[in-house]
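One structure below.
FYI, it's all coordinate maths here, none of it is from the lab. What you are looking at is a predicted structure, and each value in this text was computed from that prediction instead of being measured.
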Ligand code: SF4
Ligand code: SF4
């Protein structure tokens, strides 16, 4: 069941996340996808773009995507294909104190590798500082570049966006 917060203002709560969250065992193996798609809408680029069939919407295109985290290798291909900007790749193994989160970013200017940015949660609340470690903006991403941030360990379920620091 969706949280009141999600149904009333469209912001997912931590209680909405468990179904889409990889197991601790899978997280320890390396980067892995997190799909935060909660509404039944006619959409399936996540399924069609994944080369490993790790995401399945199925015959009824209105069904929610189901993820097999064991098949996902965290390649990030699906992240820029999702029109709902609902897909992220998490890597909790970056260092003793930091994790990585890769997210779609459709604003200009793009950040640059090495920039420090302000990391935001789903409601746009500033949570911490984060460092940009990768920006991917090739033809393959269409007009949805991918930005990877280092974030403090333990914040992987919270950080879903960022803003530049002037
Ligand atoms: S990150 Fe790559 S392997 Fe994982 S679901 Fe997305 S496209 Fe498939
Ligand atoms: S592409 Fe994105 S919005 Fe569309 S079904 Fe997949 S996860 Fe949901």
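What Kirkwood radius, in Å to one decimal, follows from the Cα pairs of segment 95-166?
12.2
How much mean residue ellipticity at 222 nm does the chain get from its helices, if each DSSP H run of length 4 or more adds -39500 (n - 2.57) and you divide by all residues, to the nearest 500 deg cm²/dmol?
Value at 222 nm, helices only: -2500 deg cm²/dmol.
Give me the three principal axis extents of the chain from the C-alpha atoms, as integers in angstrom, largest value leading.
45, 37, 34
Please identify, among 99, 23, 80, the residue showing maximal mean-square fluctuation in a Gaussian network model of the chain using a 10 angstrom Cα cutoff.
For the chain, modelled as a Gaussian network with Cα springs under 10 Å, the answer is 23.
Quick check: Cα centre of segment 82-99 to Cα centre of segment 103-156, how many Å?
The distance from the Cα centre of segment 82-99 to that of segment 103-156 comes to 10 Å.
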